[in-house]
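Structure first, commentary second.
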Amino acid sequence: MKDSITLPKLIRHVFWNKKKHFLRKQDTYSMWMLFAIEEGDFTYQIDQSTGHAKKGDIVFCPPRVAFHRKTETPLSFHAIVFDFPYHETGFLQEMLRQNEHKLFVPLTTRLSENYQHLRKLHPLSDLVPLKQHYFHDMWIIMSDYNPSVFERKGQKHRDDPVMEQVLAYLENHAHQSIEIKYVASKFHMSSVQLTRRFKKVYHMAPVQYLTSIRIEKAANLLLETDWNLETIAHESGYESGYYLSRIFNKHMKIRPSDYRKINRF
């Protein structure tokens, strides 16, 4: 199983014990977020999906999508921010959308032990290797019970070598001022042809992919530095702080300045 799925990278882990209500009824994150429920229940809306999550459920929210939530009973859960390869994001997001962004995973002894270890490690730095280890094992357990969500079943991006090259080019030049029509001409095709082929392989348009990289870069710089918006814009591939602010607000549903102030659960 390990060889057939893509493993994510844990960025941040927080365990909440018997939380009576969320600090905010809605939030939007720059990276993937999941809530793994140990006790209690809550209702949620993610994109067009609405649902009810309880013990054994794991709810996923993609980057830049509003996460509405309300506790129904005191909630004990693991909140995990994680990074996932950009070129796999479209496929994972589509599979989760078909499952209302929620998966059920029985609380087996193995999964319960992973949760127990993560609870103990909760106060420690997210850089502790053991956190990554237990999260990876969680992911493998999830994939065992939900193989259709996590396995590509032969739809590998290697099927289109040219799109692999386009992908690499976008990643290497995302923080520069480039346009999709320029990328298309570089690979001897029209913008329409590029978009069609790219979307077929990666389940998202190239401009969405480019924006994802840039917004995540900007979001990280907002939290990790004291730079002004103009500097962050240039580092993220945008021409001005004003334009970055417009794009950020459109995709994150929050102004950059507010995101910097209230980036919390």
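The values are calculated or read from the model by the stated rules, or taken from the named source; none is laboratory data. Note that the structure is a prediction, hence the values are computed from the model and not measured. All Cβ positions, glycine included, derive from the backbone under ideal geometry; neighbour counts span all protein chains shown.
Among the candidates GLY90, GLY56, single out the residue that is of a type in the set (Gly, Ala, Ser) and under 19 Å from ASP144 (Cβ atoms).
Values: GLY90 fails: under 19 Å from ASP144 (Cβ atoms).
Within the list GLY90, GLY56, the selection yields GLY56.
Report, by residue number, each residue of the range 60-73 that is surrounded by 15 or more Cβ atoms within 10 Å (Cβ to Cβ), out of contact with any helix residue (DSSP H, G or I) (no Cβ under 7 Å at 6 or more places or on another chain) and in a strand (DSSP E or B). Break it down stepwise before answering.
Step one: of the range 60-73, the residues surrounded by 15 or more Cβ atoms within 10 Å (Cβ to Cβ) are 60-69, 71.
Right, trim to out of contact with any helix residue (DSSP H, G or I) (no Cβ under 7 Å at 6 or more places or on another chain) and you get 61, 65-69, 71.
Within the range 60-73, CYS61, PHE67, HIS68, ARG69, THR71 qualify.
Does the range 26-59 hold any residues that are in a loop (DSSP other than H, G, I, E, B), under 19 Å from the mean Cα position of the chain (by Cα) and not aliphatic (A, V, I, L, M), and which are they? Break it down into steps so the answer makes sense when it comes.
To start, the set of residues in the range 26-59 that are in a loop (DSSP other than H, G, I, E, B) comprises 28-31, 47-48, 54-56.
Adding the requirement that they be under 19 Å from the mean Cα position of the chain (by Cα) leaves 28-31, 47-48.
The answer is THR28, TYR29, SER30, ASP47, GLN48.
Which one of these does LEU111 not meet: (1) touching a helix residue (DSSP H, G or I) at 6+ places or on another chain (Cβ under 6 Å); (2) within 27 Å of PHE198 (Cα to Cα)?
(2)
Just name the residue that is surrounded by the most Cβ atoms within 10 Å (Cβ to Cβ) out of those in the range 220-265 that are assigned to a helix (DSSP H, G or I), among the aromatic types (Phe, Trp, Tyr) and within 21 Å of the chain's Cα centre (by Cα). Outline the logic, then answer.
Within the range 220-265, the subset assigned to a helix (DSSP H, G or I) is 220-224, 229-236, 241-252, 256-261.
Pick out the ones that are also among the aromatic types (Phe, Trp, Tyr) and you get 242-243, 248, 259.
Going one step further and asking which of them are within 21 Å of the chain's Cα centre (by Cα), we end up with 248, 259.
Working: PHE248: 28, TYR259: 20.
The residue in question is PHE248.
Considering only residues that are in contact with a helix residue (DSSP H, G or I) (Cβ under 6 Å, 6 or more places away or on another chain) and either modelled with pLDDT of 95 or more or of a type in the set (Gly, Ala, Ser) (or both), which ones fall in the range 79-102?
The answer is GLY90, and nothing else.
Taking the options VAL192, VAL162, VAL183, name whichever one is part of a helix (DSSP H, G or I) and either at pLDDT below 90 or touching a Pro at 6+ places or on another chain (Cβ under 8 Å) (or both). Show your work before the answer.
Values: VAL192 fails: either at pLDDT below 90 or touching a Pro at 6+ places or on another chain (Cβ under 8 Å) (or both); VAL162 fails: either at pLDDT below 90 or touching a Pro at 6+ places or on another chain (Cβ under 8 Å) (or both).
One residue alone meets the criteria, VAL183.
Being in a helix (DSSP H, G or I), buried (at least 18 other Cβ atoms within 10 Å of the Cβ), in contact (Cβ under 8 Å) with a residue 24 or more places away in the chain and not assigned by TED's automatic domain parsing to the domain that holds PHE198, is that true of even one residue in the range 102-114?
Residues of the range 102-114 in a helix (DSSP H, G or I): 109-114.
With the extra rule that they be buried (at least 18 other Cβ atoms within 10 Å of the Cβ), the set shrinks to 111, 114.
Now narrow it down to the ones that are in contact (Cβ under 8 Å) with a residue 24 or more places away in the chain: 111, 114.
Checking which are not assigned by TED's automatic domain parsing to the domain that holds PHE198 leaves us with 111, 114.
Within the range 102-114 (the criterion being in a helix (DSSP H, G or I), buried (at least 18 other Cβ atoms within 10 Å of the Cβ), in contact (Cβ under 8 Å) with a residue 24 or more places away in the chain and not assigned by TED's automatic domain parsing to the domain that holds PHE198), the answer is yes, since at least one residue qualifies.
I'd like to check something: does the range 177-190 contain any residue that is under 20 Å from TYR29 (Cα atoms) and in contact (Cβ under 8 Å) with a residue 40 or more places away in the chain?
First, pick out the residues of the range 177-190 that are under 20 Å from TYR29 (Cα atoms): none.
No, because not a single residue in the range 177-190 is under 20 Å from TYR29 (Cα atoms) and in contact (Cβ under 8 Å) with a residue 40 or more places away in the chain.
Under 8 Å between Cβ atoms, at least 6 apart or on separate chains: pull out the pairs that start in the range 116-138 with a residue that is farther than 17 Å from THR6 by Cβ and end on any residue that is of a type in the set (A, V, I, L, M) and part of a loop (DSSP other than H, G, I, E, B).
LEU121/VAL128; LYS131/LEU124
Given the criterion closer than 14 Å to THR89 by Cβ and either polar (S, T, N, Q) or at pLDDT 90 or above (or both), identify the matching residue among SER143, SER212. I'd like the intermediate steps shown before the answer.
Working: SER143 fails: closer than 14 Å to THR89 by Cβ.
Checking each option against the conditions leaves just SER212.
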